[in-house]
Amino acid sequence: MTTSFSDHVNHAWSLLSFWLKQVLAIMRLETKKSFVGRRLIAVYFLALAPVALLVIRAVAPLDPHELGTPGEAGMVFAVVFQTFVLRFSIFFGCMSIFTNLFRREVMERTLHFYLLSPVKREVLVVGKYFSGLIASITFFVGSTIACLLLVYLPYGGKYMEEFFMEGAGTEHLVTYASVAAMACIGYGAVFLLVGLYFRNPIVPAGLLLGWETINFLLPSFLQKISVVHYLQSMCPVPLPPGPLAIITEPTSAWVSVPGFIGLTILVILASAMQVRRLEVTYGTD
Amino acid sequence: MTDEDRIVLDNVSKFYGEVLGVNRVCLSIPPGITSLVGPNGAGKTTLLNLICGLLQPTKGSVRVLGLTVDDPDLMYSKLGYCSQFDAFPKGLTGLELIYGYLRVYGYGDQEAQKMAWSALETVNLTDAANRKVQAYSKGMRQRVKLAQAISHRPQILILDEPLNGLDPMARAEVIALFQKLAADGAHVLISSHILHEVDMISDRVILINNGYVVAEGNIHGVRDEMEEHPMQIMVRCDRPAAVAAKAFEQDHAVEVKVHEDGQGLMIRTRNADQFYLMLNRIVLDCNLTVEAVSPADDDVYSVYQYLIGTDGGRL
């Protein structure tokens, strides 16, 4: 008896829908853990710190000279976003969320509940990655949107209405939110891998942070081997290069986004390979 | 019975670096209740984790009902595991724990709800279903672990110290559950320190010490094979001296002690079957009144003492 092409398609489809069902079930179990718990205090702090800074700026009685023009406000946000939010908040926030997706369960001795489920380990990795992604996007895209609104708040409701309804405000908002989401996708995948391959993720995370920080001083081809280069390339307001910076052409979003997603998939596959070899050794008899 | 009905370990070794976990283990475990007995650090949990696929063998292979961990979808839908660790994902109620993992298994909402409640009912935990697991007592946590392990109705149930923390009533209920599952054709593999309960419920035992399986099989069969340890048999009768005299005429009798009350004796013999035949003859020839005859060291505890002893470590 031969199997027809449509049988293969049906089988593949039912398998995919079963895996999707399992991914959703894993995400449902993980959601609570991703948003509640003492371990998340640092993540809340990282997400709310830039918001708190801009709340102070918004409510503090500044005279118009100190406040600057709305155009300067766009630059204020670009500096806050590209130096603080991207390189600090999202970097460390993703490190905390994603390196702990498996490590925390090993430490709490609960990973066997998943490993003894009839779920492929690759599916488990995807489910956990997406649960981390939902949490990080909620924290940091939310923080980015709040920051952008707060930067323009001191200029009054009328200006904000014009800027967001008729000006470039909405486009900036969507672009910055997308860049923040891309940062979560990229750093999330990298830190998932780091959490699986290293017992102590601080050292590789420190090296990665160092690389990302000195990136602007490196030759062009080395600048392109970093997450932050592609993220900054997508930002609508470029930062002025410092006196020591080596100017590199920004990479087009048409190249950045697919490349970013492709790289993320490769990193997740590498994580899945490691999880396939994972053994539960958190106890002996 | 084929390998498709058994848990088969073929020359399995597991080393943690240079530390031995288990070494050259060959087992073929049929359905029924099998107990894994050994002192602390003997390799019991390592062996259970190897069977479950939580550990990969350094050498050899493990097949569970003909399946390996390379087919997790098939293997884990047939296997339930109750670990010794008193740890649960944080923030979940008993119901959420069981329901949540059933959803991961691929069951739909309604079915998972139904199966979760059924599992909780089996372990008498429905009243506490909506309470956080962290707020459970030790015995309740043990029961919710068990409920989670049986919730998908597995053919193989692996239980690491399942009786720990249970009160006598709960213990009796849980043991009855194991017996029911085994009677329905399941494999129930138990690691336990409570030897008299192991003795009571097990169809067979696996004795493990220092990473090696030192004996396995039906406990009476294991005891019979231990020829270097003469069998102790207790006889309660009206004329023990007559039995003792006859026994010493036989070359298989090693030692006879008459009880202080003069109403019985304890005999150590290298051939229990010959002793029973001899006892039958005495009963017929001398009109002996026998109240009771029972082996005194034909249980897990004695076998454990002989094979592992107190040097083997604390139970």
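FYI, it's all coordinate maths here, none of it is from the lab. Computed from a predicted model, the values in this text were never measured in an experiment. We place every Cβ from the backbone using ideal geometry, glycine too, and count neighbours over all the protein chains shown.
Annotations
- Relative pair counts by distance (%), Cα atoms of the stretch B:197-269, 10 Å bins: 18, 34, 26, 19, 3
- Antiparallel content of DSSP bridges confined to the protein assembly as shown, in %, to 5: 65
- DSSP beta bridges fully contained in chain B are about 65 percent antiparallel.
- Cα centroid of the stretch A:15-35 to Cα centroid of the stretch B:24-80, whole Å: 28
- Note on B:LYS90 and A:ARG277: their simple-model spin labels are 3.0 nm apart, each label 7 Å out from Cα toward Cβ.
- Here is what passes the span test in chain A: the DSSP H helices with alpha carbon length of 30 Å or more along the helix axis and a Kyte-Doolittle mean of -1.0 or above are A:5-35, A:121-152, A:169-197, A:253-276.
- Computed over the protein assembly as shown, the convex hull of the alpha-carbon atoms projects to a mean area of 39.7 nm².
- Relative to the compact-globule estimate of 2.2 N^0.38 Å, the Cα radius of gyration of chain B comes out at 1.19.
- Options B:GLY21, B:TYR105, B:ALA176, ranked by Cα towards positive dipole end of chain B, top entry (Cβ charges): B:TYR105
- Compactness of the stretch B:42-93, taken as the C-alpha radius of gyration over 2.2 N^0.38 Å, stands at 1.31.
- Chain B - charge dipole about Cα centre, Lys and Arg +1 at Cβ, Asp and Glu -1, debye rounded to 20: 980
- Between helix B:138-150 and chain B there is an angle of about 80 degrees, using the helix long axis and the longest principal axis of the Cα atoms.
- Of A:TYR176, A:VAL125, A:LEU148, farthest towards positive along the dipole that unit charges on Lys, Arg, Asp, Glu beta carbons give chain A: A:VAL125
- Environment charge of B:ILE206, counting only residues whose C-beta is closer than 11 Å and scoring Lys/Arg +1, Asp/Glu -1: +1
- For A:23-33, mean number of other protein chain Cβ atoms within 10 Å: 4
- Dipole axis of the protein assembly as shown (+1 Lys, Arg; -1 Asp, Glu on Cβ), positive-most option in B:SER35, B:GLN142, A:GLY262: A:GLY262
- Between B:HIS196 and A:LEU269, the modelled labels are 6.1 nm apart [label points 7 Å from Cα along Cα→Cβ].
- Peptide B:86-97 is shielded by partner chain Cβ atoms: per residue, an average of 4 of them sit within 10 Å of its Cβ.
- Residue order, fewest to most surrounding Cβ atoms within 10 angstrom, among B:VAL258, A:VAL119, A:VAL267: B:VAL258, A:VAL267, A:VAL119
- Subset of A:LYS128/B:LYS145; B:LYS59/B:LYS180; A:LYS33/B:LYS59; B:LYS44/B:LYS132; A:LYS32/A:LYS224 violating a 27 Å alpha-carbon distance limit: B:LYS59/B:LYS180; A:LYS33/B:LYS59; B:LYS44/B:LYS132; A:LYS32/A:LYS224
- The alpha carbon centroids of the stretch A:97-116 and the stretch A:71-95 are separated by 31 Å.
- Environment charge at A:LEU148 (Cβ cut-off 13 Å; Lys +1, Arg +1, Asp -1, Glu -1): 0
- Residues B:CYS52, B:CYS26, A:CYS94 arranged by fewest to most Cβ contacts within 10 Å: B:CYS26, B:CYS52, A:CYS94
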